Amino acid sequence: MPLKTGRRKAGIAIAGSAALVLAAAAGTTAWHAAGSRQPVGSWHEAPAAAGRTPVAAEQRAGERSDEPTATPSTSPAETPSSEPRLAPESATLSPSTEATTVAPAAGSPERPVESDTAANGRQQVGELVKVSKLLGYLEGKPKKETFKYPGASYVKLHFGKMALAPGDYVTVSDADGTESYRYDAGEPGDRWAMSVTGDTAVLEVHRSSAGEGDDLGVNVDRVARGFSRTEQGRQPEKQLNPPGRTGREESVCGADTSSDAACYKSSDPVAYTKSKAIARLLINGTELCTGWRIGPQNRMLTNNHCFTTTAQAYNTEVWFNYQCAQCGGYDVYQPTKVWGSKVLATDKTYDYTLFSVDKFASVQKYGYLNLDTKRPAKNQELYVPQHPAGEPTRIAGSLGEKAGNCAVANPGYDGYAPGSDVAYYCDTEGGSSGSPVISRATNKVVALHHFGGCPNSGVRGDLLAAKLGKLL
């Protein structure tokens, strides 16, 4: 079946293994090996020239499933995303077949670090950069353009136009071509490409035809550049607070006792395995929430304040397996990236959005979580897998110790409705919105995290189970 809304045909696959030596200097990014269990990336800052292993990557997303949409608690409006559109700047390219765009330094007047975003509870993890670059079919127009943003954690291109002759296609790749996404003729423009890891994206037009014309070409009108760790550390926390609270409260309650998910691999294998079901959500190219697979079907759960419509889900990247390879290390596994697909249900009072993803088969291997239909008891121990401040998966709550701050403090806390939440002091940060709060007694989800403020809180799992049961 043809794509209903011109879904980009792109995905990522990991191929044969190879090895490169990790640079010894601190702050260097290197990719070691491809494969499901080998580290292939690094999440700390990278210099301009970082070596990578071939992580093959040209995979087309399958056709959109024609899955029926269930009636939501609050109907999602099928409207385009409300993200601001940036007017492209004029630019002149010298006649050549290849060009390079290098951004001004982060924090400079031309490119401030802070992005002007509303305090919506989503964590800022990047910024939008205005560009105007045309790869055309006419003589003198480049066929290849390199977008380089030194130190960026990812680069994500937006096509204002993509008009190709039949049989032609474009690719967006990282600097070494080890991560690459393909977009074919016939797919409409005015949409985001999938992000590529690292500070460089290479856009190339591949022509198999002799077609020419003023109306043919590819235009990039803006770029989302992921913050480096230094820049990310300067971003204010964007967690929401319960009604009536000042917003000044911390959400890391006391000393931060959360740890990389990899730290739990041996000491708490159940928690480590469960953490695989969560995903990093990159929304509108620059904002972050956490989501997770709920039940065995193609279902994901996050907060209503993360997004509410199918149009917004469609522009959301869902990253699975974005985890450190070793406890306390910097090397990360190559994430499996898929696109959000349809919003199936959403509700502001109970702050949830249930949605599906494209290419579901590629993420089934990461497992799923279930809601606990019973209310947790006070002092019941908890753990929270999450993506705080955009970091690889961390888990709050340690096994083998008294729960300390990661336990149920109040099983009937007031959220947007009286008694709708579970309160706890598990450490969370901006970006943790939408994380599952899991009972150590049952390994089921007792709350959907949405508020910071110490106590932090999440919507009760038993209430969500009652509302969403028929859709799971």
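Put in order of Cβ neighbour count within 10 Å, fewest first, the listed residues M162, M300 become M162, M300. Think of each Lys and Arg Cβ as +1 and each Asp and Glu Cβ as -1; about the Cα centre, that makes the dipole of the range 259-471 roughly 720 debye. Ranked by the mean number of other Cβ atoms within 10 Å per residue, highest first, peptides 185-191, 303-309, 144-150, 383-389 order as 383-389, 303-309, 144-150, 185-191. Net charge of the neighbourhood of F147, taken over other residues with C-beta under 10 Å away and scored Lys/Arg +1, Asp/Glu -1, is +2. With both bridge residues required to lie in the range 259-471, what share of the DSSP beta bridges run antiparallel, to the nearest 5%? That works out to approximately 95 percent antiparallel. Cβ crowding within 10 Å, taken as a proxy for footprinting-reagent exposure, orders H449, H206 from fewest neighbours to most as H206, H449. Going by the alpha-carbon gyration tensor, a ≥ b ≥ c the square roots of its eigenvalues, is the range 259-471 rounded (a/c under 1.5) or, if a/c is not under 1.5, prolate (a/b greater than b/c) versus oblate? Verdict is oblate for the range 259-471.
Pairwise inverse Cα distances across the range 150-229, averaged and inverted, put the Kirkwood hydrodynamic radius at 13.1 Å.
Between amide H atoms placed 1.01 Å from N, distances below 5 Å from D331 occur with A325, Q326, all of them 5 or more places distant or on a separate chain.
The Cβ shell under 14 Å around N443 holds other residues with a net charge of +2, Lys and Arg each +1, Asp and Glu each -1. Projecting the Cα atoms of T373, A407, Y330 onto the dipole axis of the range 325-414, where Lys and Arg carry +1 and Asp and Glu carry -1 at the beta carbon, places T373 farthest toward the positive end. Note that the range 219-234 has calculated 3J(HN,Hα) couplings of 10, 9, 9, 6, 9, 9, 10, x, 5, 6, 4, 5, 5, 4, x, 8 Hz, one per residue in order, obtained from phi through the Karplus relation 6.51 cos²θ - 1.76 cosθ + 1.60 (θ = phi - 60°); glycine and proline are x.
Residues L463, L134, arranged from fewest to most other Cβ atoms within 10 angstrom of their Cβ, appear as L134, L463. Positive contributions from Lys and Arg (+1) and negative ones from Asp and Glu (-1), summed over other residues with Cβ under 13 Å from the Cβ of N304, come out at +1.
None of the figures in this text is laboratory data; all of them are computed from the coordinates on show. Since the model is a prediction, treat every value here as computed from it, not as a measurement. Positions of Cβ are generated from backbone atoms using ideal geometry, with glycine treated the same way; all protein chains shown enter the neighbour counts.
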